[in-house]
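Written below as structure tokens is the structure these notes are about.
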Amino acid sequence: MNFMVHRHRDVQGGAARAAVFGVSDGLVSNVALVLGVAAASDAAGSGSPVLVAGVAGLLAGAASMAAGEYVSMKAQAELVERELAIERRSIAEHPKAETAELAAIYRSRGLEDDQALEVAESIMADPEVALEVHAREEMGIDPDEVGDPIVAAVASFIAFGIGAILPLIPWFFGDGNGAIVASAIIGVIAAAAVGAALAVFTERSKIRTAARQVGWAVGACTLTWAIGTLLGASVS
């Protein structure tokens, strides 16, 4: 008999998640910012104010996202550590109750009473193994997959910066309508690429995921361009 072995991706790690969303957020937010400022600027998007705004948006956005990712994951890690400490203490102080609880879980999954109790007692013989199993079975927590807040924050900062600098590239070399069009094209291509990458990671349709990313980017850019145009007209 042939058995198919399924290999699962690590989808709980904070760094991968932060990197994917960081690139997407950096790209969409900064291409929208760049085009909005360009629409509000004189001379069809003079390079200086657009470049200053874009770099400021990159740095502020990357720092903000990194800080938010760190705080979020740190709070999650501390919550998990608290729950594990409670469970560890309960295993040490009330081993019989915890054994019965574990046996009940295995009975609910189809094991006979004697088998369920035997498995539970075997697991409870090692406190660390017992803690890991209770964490998985009761709380749905994998103690080894909590994620590192610092790694996630750094990954988030770098990823946001990569996404945010792409629409700025034309403004390092020029300005005006040419830079505006180039930023828009880079934004669309990069959004499609991010969508395709997400599709590979999630095993979804590349075309639909890419189209969704492009749609969000175009929507954000259209909104900021309209607002920038109105503000530019009102100032002038």
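Rule-based calculations on the coordinates, nothing more; no lab input. If you're wondering where the values come from, they're calculated on a predicted model, not measured in any experiment. All Cβ positions, glycine included, derive from the backbone under ideal geometry; neighbour counts span all protein chains shown.
What the table below lists for this structure:
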read-out: Computed P(r) (all Cα pairs; segment 14-228; 10 Å bins; percent); value: 9, 25, 21, 15, 13, 10, 6, 1, 0
read-out: Computed Rg/Rh of segment 74-130, alpha carbon atoms with Kirkwood Rh; value: 1.08
read-out: In order through segment 20-34: 3J(HN,Hα) via Karplus (6.51 cos²θ - 1.76 cosθ + 1.60), integer Hz, x for Gly, Pro; value: 4, 6, x, 4, 4, 5, x, 5, 5, 5, 7, 5, 5, 5, 4
read-out: Farthest toward positive dipole pole in the chain [+1 Lys/Arg, -1 Asp/Glu at C-beta], among Ala62, Ala120, Ser72; value: Ala62
read-out: Amide H contacts under 5 Å for Asp148, placed H, 5+ residues apart; value: Gly14, Ala15
read-out: Residues Glu69, Glu87, Glu118, sorted so that the one with the fewest Cβ neighbours within 10 Å comes first; value: Glu118, Glu87, Glu69
read-out: Net dipole in debye of segment 95-163 [+1 Lys, Arg Cβ; -1 Asp, Glu Cβ; about Cα centre; nearest 20]; value: 340
read-out: Distance in nm between pseudo-label sites at Leu79 and Thr222 (7 Å out along the Cβ direction from Cα); value: 3.6
read-out: Residue-averaged [θ]222 nm for the chain, counting only DSSP H segments that reach four residues, each worth -39500 (n - 2.57); value: -27500 deg cm²/dmol
read-out: Neighbour net charge for Glu118 - beta-carbon separation under 13 angstrom, K R +1, D E -1; value: -3
read-out: Within segment 150-190, backbone nitrogen closer than 20 Å to the virtual label 7 Å beyond the Cα of Val71 toward Cβ; value: 150-161
read-out: Angle in degrees between helix 176-202 and the longest Cα principal axis of the chain, rounded to the nearest 10; value: 20
read-out: Nearest-20 debye value, the chain charge dipole, Cβ charges on Lys, Arg, Asp, Glu; value: 1540
read-out: Degrees separating the helix 149-165 axis from the principal Cα axis of the chain, which is the longest one; value: 20
read-out: Note, ³J(HN,Hα) from phi for segment 71-82, Karplus 6.51, -1.76, 1.60, rounded to Hz, x at Gly and Pro; value: 4, 5, 6, 5, 5, 5, 4, 5, 5, 5, 4, 5
read-out: Residue-wise HN-Hα coupling along segment 83-89, computed from phi with Karplus coefficients 6.51, -1.76, 1.60 (Hz; x: Gly, Pro); value: 5, 5, 5, 4, 5, 4, 5
read-out: Positive-pole candidate from Ala152, Thr209, Val34, dipole of segment 14-228, charges at beta carbon; value: Val34
read-out: Highest average packing first - 131-140, 31-40, 191-200, Cβ atoms within 10 Å; value: 31-40, 191-200, 131-140
